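One structure below.
The values are calculated or read from the model by the stated rules, or taken from the named source; none is laboratory data. From a predicted model like this one, the values you see are computed outputs, not experimental measurements. Note: ideal-geometry Cβ built from the backbone for every residue, glycine included; neighbour counts use all protein chains shown.
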Amino acid sequence: MVACGSCGGLLTAAWSKGRSKRYPYDVCLARYCAGKGKSVRKEKVEGEFEALLRQLTPVPELFTIAKAMLRDLWDARLGQADRGAAQIEKEIAAIEAKTGQLVERLIETDSPTLIAAHEAQIVKLEEQKMALADRGASSGQPRMTFEAVSRTALTFLANPWKI
Ligand SMILES: [Zn+2]
């Protein structure tokens, strides 16, 4: 990920053998590069990169823009969750209507076979309703506040070196 200062191509990481130790370094292997074969110690490359990263502090406008972008995404997600919750409520209402009809038929019939069939259907519908209610309860409410979520992202932007 380190570009050569002479040709702009990527350096290759390698080891050089010392008397008793091996030393990591980066070298340009591009055939026509003026700096071909010149190596830079890994510590030097990474140290200078860290120094560069430390200086990397964005202008205040970037935070305003980033926060507005995050807010847009957040609101869009909440909107989706709201629509999902409304859909679940609709489905629950439909199930309740169907259950009501079945209960009426159950009361009107004397046939044990029909009674058993209606009862089984009612139980099934109740289970569906419970599952939907569970889904409705867990959707819509974000687990974290917008402030908490955006803080992490903005802290990273404020000083990437820290992370
Ligand atoms: Zn080069």
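Can you say whether residue 137 is at pLDDT below 85, within 21 Å of residue 87 (Cα to Cα) and among the aliphatic types (A, V, I, L, M), as far as the supplied structure shows?
Yes, satisfied.
Among the residues of segment 26-48, what is the count of those that are out of contact with any Asp or Glu (no Cβ under 9 Å at 6 or more places or on another chain), closer than 16 Å to residue 9 by Cβ and modelled with pLDDT of 90 or more?
Residues that pass the stated criteria total 9.
Consider residue 16 carefully, then state whether it is more than 32 Å from the chain's Cα centre (by Cα), within 16 Å of the ligand (Cβ to nearest atom) and among the polar types (S, T, N, Q).
The answer is no for residue 16.
Taking the criterion of being closer than 30 Å to residue 159 by Cβ, touching a Phe, Trp or Tyr at 6+ places or on another chain (Cβ under 6 Å) and touching a residue at least 60 places away in the same chain (Cβ under 8 Å), would at least one residue in segment 68-78 satisfy it?
Within segment 68-78, one or more residues are closer than 30 Å to residue 159 by Cβ, touching a Phe, Trp or Tyr at 6+ places or on another chain (Cβ under 6 Å) and touching a residue at least 60 places away in the same chain (Cβ under 8 Å).
Please go through segment 50-61 and give me each residue that is without any contact (Cβ under 8 Å) to a residue 40 or more places away in the chain and either touching a strand residue (DSSP E or B) at 6+ places or on another chain (Cβ under 7 Å) or in a helix (DSSP H, G or I) (or both), ordered by number.
Answer for segment 50-61, where residues must be without any contact (Cβ under 8 Å) to a residue 40 or more places away in the chain and either touching a strand residue (DSSP E or B) at 6+ places or on another chain (Cβ under 7 Å) or in a helix (DSSP H, G or I) (or both): 51, 52, 55, 60, 61.
Yes/no matrix, rows are residues, columns are (1) assigned to a loop (DSSP other than H, G, I, E, B); (2) acidic (Asp, Glu); (3) surrounded by 11 or more Cβ atoms within 10 Å (Cβ to Cβ):
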site	(1), (2), (3)
5	yes, no, yes
8	yes, no, no
14	no, no, yes
30	yes, no, yes
35	yes, no, yes
63	no, no, yes
84	no, no, yes
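Residue-wise test of (1) under 44 Å from the mean Cα position of the chain (by Cα); (2) assigned to a helix (DSSP H, G or I); (3) at negative phi.
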residue: 96; (1), (2), (3): yes, yes, yes
residue: 106; (1), (2), (3): no, yes, yes
residue: 115; (1), (2), (3): no, yes, yes
residue: 125; (1), (2), (3): yes, yes, yes
residue: 131; (1), (2), (3): yes, yes, yes
residue: 143; (1), (2), (3): yes, no, yes
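How many residues are within 11 Å of the ligand (Cβ to nearest atom) and touching a Ser or Thr at 6+ places or on another chain (Cβ under 6 Å) if we restrict to segment 19-48?
Final tally of qualifying residues: 5.
Within segment 132-163, how many residues turn out to be surrounded by fewer than 12 Cβ atoms within 10 Å (Cβ to Cβ) and either farther than 30 Å from residue 67 by Cα or in contact with a Gly (Cβ under 8 Å, 6 or more places away or on another chain) (or both)?
1
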